[in-house]
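To keep things clear, I will list the structure first and then write my remarks on it.
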Amino acid sequence: MSPVFEELFQQARKTIPLIHASELFTLLSLENPQFKLMDLRETDEYHQGKIAGAIMLPRSRLEIRVEALVKPEDTLVLYCSSDVRSVLAAQVLLDMGFPNVSALKGGITQWIAQGYPCEPCLNEHYLKRFESHINLPEIGVPGQTLLKSARVLIVGMGGLGSPVALYLAAAGVGELGLMDADIVHLSNLPRQILYGMPSLNLPKAWSAAYTLQTLRDDLKLNVLNERLHAGNACPIIENFDIVVDASDNIETREVINAACVDTNTPWVYGSVSGFEGQVSLLDAQNGPCYRCLWPNPPPTPLSSGPLNTAAGLIGLLQANETLKLLLGHGEPLYGRLLLWNSLECRLREIQFSKKPNCPVCSTNA
Ligand SMILES: [Zn+2]
């Protein structure tokens, strides 16, 4: 250490309490909501793993982000690899108005040496790949970790399912369920962009899995070469955090709706026809369900198609809504139906509410 740095460190060392690994282990077991553990290492140091429950905030971003993550009344313990950066950072937080701050003696190195448990972090390859997301303050390492642990079921691997799957895989979602009982036809290719000529006559779910696995070899895939029906819907949907409806028929949407109400699972509704499409987010715990939106089946669209870009845009809006929900950011589409028209190039919104006597989601029904 240089003399100046040494002096700074010694000054901070006199002010900042150090706690031992055994004390931290006890504090973590108390599950006090005002107790916050913060990992200050930079992302290229994550190969050692992390202490469960730690907020990952690299030292280089501390002053910019800390006030969004913790409150002045919280009790904070900081750790780094040893305890040099955490002691100095604790002094900074003290000066910023966080009075209850201490540092872990010996950092994560001592924690591990004494046999306390760690959990894996995102590896360096993953962090490099998703650095553009990680650099967004609203996502960062915590948000990207959420995406990595997320499980999304896509029902229908056609014109909507193709962009949904490609964008969710590319965004870093950890597990996708790919559900479709059909095979790839020549007339599918303009809008079902997961497939090419070698996919013809192959099962869509398997062909999609092949393409997605080449995009990301760490992506966990659950290939479901079958139709969703009332008999299999709940056991399948229970394994996922969110469902994306990329089907092309009302019967499947009714099955998804009933099973998602039963299993308390949110789902992203999407449909497209001709030059038009619509999207909403349905979750009976937080708003209306599909039957609240359509008490009677919606009219069958007269036009066929769709235009491939209309399907692409609706699928992209569905993927966008899925990512927002997984990250817990933005204004969800609960009770809002987005209507897209490709020819007008216009997006409109209709609001709808929960029906008190809805036969699917109401407790009064
Ligand atoms: Zn309802």
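Since every read-out is calculated from the coordinates, none of them should be taken as a lab result. All of these numbers come straight from a predicted model, not from anything done at the bench. Virtual Cβ from ideal backbone geometry, glycine too; neighbours counted across all protein chains shown.
Data for the structure
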quantity: FRET efficiency estimate (nearest 0.05) - Cβ-Cβ, ASN286 to ASN357, R0 22 angstrom; calculated: 0.70
quantity: Relative exposure of GLU226, GLU276, GLU6, judged by other C-beta atoms within 10 Å (fewest first); calculated: GLU6, GLU226, GLU276
quantity: Global form of segment 141-351, assessed from the alpha-carbon gyration tensor, a/c cut-off 1.5; calculated: rounded
quantity: Phi to ³J(HN,Hα) by Karplus 6.51 cos²θ - 1.76 cosθ + 1.60 over segment 163-169, Hz, x for Gly, Pro; calculated: x, 4, 5, 4, 6, 5, 5
quantity: Estimated vicinal HN-Hα couplings, Hz - segment 112-117 in sequence order (Karplus 6.51, -1.76, 1.60; Gly, Pro = x); calculated: 5, 4, 8, x, 7, x
quantity: Value of Rg to Rh for segment 1-52 (Rh from inverse mean 1/r over Cα pairs, i.e. Kirkwood); calculated: 1.06
quantity: Proximal aspartates and glutamates to LYS354, defined as alpha-carbon separation beneath 17 angstrom and excluding residues fewer than eight positions away on the same chain; calculated: GLU254, ASP262, ASP283
quantity: Inter-label distance for ALA230 and ASP218, nm, one decimal - labels placed 7 Å from Cα along Cα-to-Cβ; calculated: 4.3
quantity: Net charge of Cβ neighbours under 12 Å - reference ASN264; Lys, Arg +1; Asp, Glu -1; calculated: -4
quantity: Antiparallel %, DSSP beta bridges [both residues in the chain], to 5; calculated: 40
quantity: Cα-based reach from LYS105 at 16 Å (exclusive), listing aspartates and glutamates while leaving out same-chain residues under 8 positions away; calculated: GLU23, ASP39, ASP83
quantity: Inter-centroid distance (Cα atoms) of segment 93-141 relative to segment 144-202, Å; calculated: 33
quantity: Of LYS71/LYS128; LYS14/LYS36; LYS36/LYS128; LYS220/LYS324, pairs whose Cα-Cα distance is over 25 Å; calculated: LYS71/LYS128; LYS36/LYS128
